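Everything on this sheet refers to the single structure shown next.
The values are calculated or read from the model by the stated rules, or taken from the named source; none is laboratory data. Values in this document were obtained by computation on a predicted structure and should not be read as measured data. Here the Cβ positions follow ideal geometry from the backbone for every residue, glycine too, while neighbour counts run over all protein chains shown.
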Amino acid sequence: MTAPRAATTPKIVRDWLALLLVAFGHGEIADQARLCASEAVTNAYRHTRSDRITVEVSLGPTAVTVWVDDDRPGWLPPSRPLPSWREEQGRGLNLIRAHASNLRAVPNGELGKRVQFMLAYGEAA
C-alpha cells in the first residue's frame, strides 16, 4: 500500500492492516498490528520529507511481517527510557518493541530505510 504523506495516513494504514488480518483469519492480533503500524507510519510521517509512505505486508504461516519505507537513511535509535508522562512524544518505538518482534531497520536504496516488525499469530503467538 502506498499513501500520500499526510496526517491521516497512519489511520488509513492501521485500518487497512486490521481489515487484512481479520479477512485472513488473524483478527486476534489486529489490535496489536494497528498499534505497531500506526507508530511506524507516524514516525515516517513526522520524521521524513517523503511525498509518499509505502507499507508492505506479508502473511506468512506463523506471523505477519510489516515493512514501512521512508526516505530518511539510518537505523532505529537505540532503546531509551520512556519519557515522563508529561511529554507527548517518544514512546512509539518502545510500544512497537513491547508488542512485536524483530523490530529493525534495513537500508532501502541510498536514501532511505525500511522499518520492519513481526507479529506472531495462531499457535505461534
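A few remarks follow.
For (1) β-branched (Val, Ile, Thr); (2) modelled with pLDDT under 90; (3) closer than 24 Å to residue 7 by Cβ; (4) more than 15 Å from the chain's Cα centre (by Cα), each residue gets a yes or a no:
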| position | (1), (2), (3), (4) |
| --- | --- |
| 31 | no, no, yes, no |
| 44 | no, yes, yes, no |
| 49 | no, yes, yes, yes |
| 61 | no, no, no, yes |
| 65 | yes, no, no, no |
| 80 | no, yes, no, yes |
| 88 | no, yes, yes, yes |
| 98 | no, yes, no, no |
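- Qualifying residue in the range 1-18 (condition: without any contact (Cβ under 8 Å) to a residue 12 or more places away in the chain and surrounded by 13 or more Cβ atoms within 10 Å (Cβ to Cβ)): yes
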